[in-house]
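Read the structure below first, then the notes.
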Amino acid sequence: MIQTSGGGPLRPGPLRRLPITLAPVHNETLGSFLQRLATVNYLSLDTLADAVAATRTTVSGTVRRTFNCDNLACVTGQRSDKLVRALPELRLDSDQLQRRRTLRACPRCTRRHCGGPVTLCSPAHQQVCVRHSLWLGSLGPGSLATPRPRTS
């Protein structure tokens, strides 16, 4: 997937399937999926993102990439339609994405997914994991906005 030239900078080569592939979690952010994929394959996030990005532009020091589902499917070994269903950034437009927020997924639900924590692109009303009765949103147990019990 990545070729080096005599210890020089990494350059994207022909896309090949990574040695360790992962399935995306439903509604996982593209950044979270790429980070987990890079972690299990011992790559940096920038190296992997540059390899699968369709375009890369730098504006005022900020790198912006657009991703092609076919490139991602080639590298991950997953079918394109599965990736589109699982990753909202590949199927929703920017207006729809702005109405959603990122949320750390329930650690119990995502325990079987290796590579690190999973971040979801979820609707604003999703604050709890119903299966495990865990707060996930901004009003969770670790939040400063959570009311504390009174002590007498």
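Read-outs throughout are calculated quantities, based only on the coordinates presented, and are distinct from any laboratory measurement. The shown structure was predicted, so the numbers you read here are calculated from the model rather than taken from an experiment. Cβ: placed from backbone, ideal geometry, glycine included. Neighbour counts: every protein chain shown.
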Self-check item: Net length gained if the chain between residue 102 and residue 133 were fully extended (0.36 nm per residue, minus Cα distance)
Solution: 9.2 nm
Exercise. Grab the Cα-Cα distance for residue 84 and residue 59, subtract it from 0.36 nm times how many residues apart they are, and report the gain in nm with one decimal.
Key: 6.3 nm
Practice problem: Determine the principal axes of the Cα atoms in segment 24-135, then give the extent along each, sorted from largest to smallest and rounded to whole angstroms. | Solution: 41, 32, 29
Quiz item: Under a Cβ-Cβ cut-off of 11 Å, what is the net charge of the residues other than residue 25 that fall near it, where Lys and Arg count +1 and Asp and Glu count -1?
Solution: +1
